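Notes to accompany the following structure.
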Amino acid sequence: MNVNTWEKTIPKPIIMFFYSIIFILALISSAGLLNTVSPASNIPENLGDITTKFEYFAKHKDDYDAIFLGPSTTYQGVIPKIFDETMAENGNSIKSFNFGIMAANVAEIDFYLQKILALKPANLKWIFLDCLVDFFMEEAPTSTKNVYWHTPLKTIENFQLIIESTSTLKDKFSGFYANSVSFLYRWLGIGYFSNLWQQKSEVLPKGISAEKLIQEAGYYAMDWLENSEKWRGIFMSNYLDNYQQQLKQSKSGAFLRGKYTYPLNSYAIKILTNIDNRIKSQEEISKNKVEPIFFITPVLNTDFDNSAITKAYKEGYISNLFAFNNPNTFTNLYEVDRRSDGRHLNHQGAQEFTRALAVEFSEHLKLSQKEIYHQSPISISQK
């Protein structure tokens, strides 16, 4: 049957509907391919505090030796000024920047890591990584922040993390749905266009001052946010008993989570390994050795499952791990007066944690120097 015969035998409305479907599919495919293959800027646009951090860092990228990359536990838990001061007290001159990103899981962190490395910071030596592998639920899947990083590859990675997680079937379906929505918005370019008219000050999270964010080298305490006292009151009234119960379980070792649920062939460990290798291979590009330093902030194992990153370190897939998720060892960091809520430190807690992290890192540098000396004493003395 040729085209003319087909058009004569089928009603015209059906033919028009058929052609319309073909046109829509072609339009969707073209839009998606364009958004996927077209080169994007290394500096994200219209992403509020993320854009503020990236724009500043891009202009001053060669000033920094170290960066901290992680979710809100890093954003609101690591103070670059305190870290640099403590390192100086221990005989090390370092300038650091906090690249914390709210609610970022390991796939999103890897996405931004690649953008940071693409800037080719000339003097970067250490990248500290706070990686959560089971934080994949998107509360606002159509927001520009979530749409932006959902490339095909990163969406597939998140699907893999959802599949192998220990979440309930209901939560997994919610995760699949939310990530699919974010991907479709990115594929069609909806997320970019919807925020073009907004100014950066309007898309910054409530209570965050761009000026103070830069003054603090990317750190922003929960205490400084709008309604922080109200949130603190809600935690003390409604969630304190639950937190203290989880703290007791963590101290006794009766964890609800963190029982090494991830097998060695898990996708979570694969992503962590890729991050470790990606940073180490940066030396081939910049001729400067960059060392990945993974760390776990003072969070309860009953709240976050850190078994993947712990297992990756124990099996040698990642190089270093500084873990502060043991409340028996770092008791003061889990005291209620150091917390904004069960997951986050307040400013006082962040100060104490940052000092503890800097001291641990200083010891790491001393050990590294001893190893170099024993391996190559002649070259060291010549220097």
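Under the condition of being surrounded by fewer than 24 Cβ atoms within 10 Å (Cβ to Cβ) and under 8 Å from the mean Cα position of the chain (by Cα), the residues counted in the stretch 110-135 number 2.
Output yes when any residue across the stretch 217-240 is modelled with pLDDT of 90 or more, β-branched (Val, Ile, Thr) and in contact with a Pro (Cβ under 7 Å, 6 or more places away or on another chain), and no when none is. Checked the stretch 217-240: no residue is modelled with pLDDT of 90 or more, β-branched (Val, Ile, Thr) and in contact with a Pro (Cβ under 7 Å, 6 or more places away or on another chain). Filtering the stretch 90-109 to residues that are touching a residue at least 40 places away in the same chain (Cβ under 8 Å), within 18 Å of GLN76 (Cα to Cα) and either surrounded by fewer than 22 Cβ atoms within 10 Å (Cβ to Cβ) or not small (Gly, Ala, Ser) (or both) leaves PHE97, ASN98, PHE99, ILE101, MET102, ASN105, VAL106, GLU108, ILE109. For the stretch 306-339, the tally of residues that are open to solvent by less than 50 Å² (accessible area, probe 1.4 Å), of a type outside the set (Val, Ile, Thr), within 19 Å of ARG278 (Cα to Cα) and part of a loop (DSSP other than H, G, I, E, B) stands at 2. Within the stretch 65-85, the residues that satisfy the criterion of being open to solvent by 10 Å² or more (accessible area, probe 1.4 Å) and of a type in the set (Ser, Thr, Tyr) are SER72, THR73.
Filter the stretch 241-253 for residues that are part of a helix (DSSP H, G or I) and either open to solvent by less than 50 Å² (accessible area, probe 1.4 Å) or in contact with a Pro (Cβ under 7 Å, 6 or more places away or on another chain) (or both) and give the result.
Narrowing the stretch 241-253 to residues part of a helix (DSSP H, G or I): 241-252.
Answer for the stretch 241-253, where residues must be part of a helix (DSSP H, G or I) and either open to solvent by less than 50 Å² (accessible area, probe 1.4 Å) or in contact with a Pro (Cβ under 7 Å, 6 or more places away or on another chain) (or both): TYR243, GLN246, LEU247, GLN249, SER250, LYS251.
GLU85: part of a helix (DSSP H, G or I), at pLDDT 95 or above and at negative phi, yes or no? Let's see the steps before the verdict.
Values: part of a helix (DSSP H, G or I): yes; at pLDDT 95 or above: yes; at negative phi: yes.
Yes; evaluated as a whole, the condition is true for this residue.
Specify which of the listed residues (LEU129, LEU204) is modelled with pLDDT under 85 and within 29 Å of ILE94 (Cα to Cα).
On the way: LEU129 fails: modelled with pLDDT under 85.
Residue meeting the stated conditions: LEU204.
Within the stretch 162-185, residues that are more than 26 Å from ILE309 (Cα to Cα) and open to solvent by 50 Å² or more (accessible area, probe 1.4 Å) have Cβ atoms under 7 Å from residues that are among the β-branched types (Val, Ile, Thr) and outside any helix (DSSP H, G or I) in these pairs: TYR185/THR142, counting only partners at least 6 apart in sequence or on another chain. Kindly check whether there is at least one residue in the stretch 136-143 that is touching a Leu at 6+ places or on another chain (Cβ under 7 Å) and open to solvent by less than 40 Å² (accessible area, probe 1.4 Å). The answer is yes, given that some residue of the stretch 136-143 is touching a Leu at 6+ places or on another chain (Cβ under 7 Å) and open to solvent by less than 40 Å² (accessible area, probe 1.4 Å). Checking each residue of the stretch 344-367 against the condition of being outside any helix (DSSP H, G or I) and either under 25 Å from GLU164 (Cα atoms) or in contact with a Lys or Arg (Cβ under 8 Å, 6 or more places away or on another chain) (or both) gives at least one match. Of the numbered conditions (1) at pLDDT 90 or above; (2) open to solvent by 50 Å² or more (accessible area, probe 1.4 Å); (3) under 18 Å from GLN114 (Cβ atoms), GLU284 satisfies every one except a single condition; which is it? Checking GLU284 against (1) at pLDDT 90 or above; (2) open to solvent by 50 Å² or more (accessible area, probe 1.4 Å); (3) under 18 Å from GLN114 (Cβ atoms), the one that fails is (1).
The values are calculated or read from the model by the stated rules, or taken from the named source; none is laboratory data. This is a predicted model, so every value here is computed, not measured. Every residue, glycine as well, gets a Cβ built from its backbone with ideal geometry; the counts of neighbours run over all protein chains shown. We work out accessible area using only protein heavy atoms, side chains counted, and drop any ligands, DNA or RNA first. Shrake-Rupley method; radii C 1.70, N 1.55, O 1.52, S 1.80 Å.
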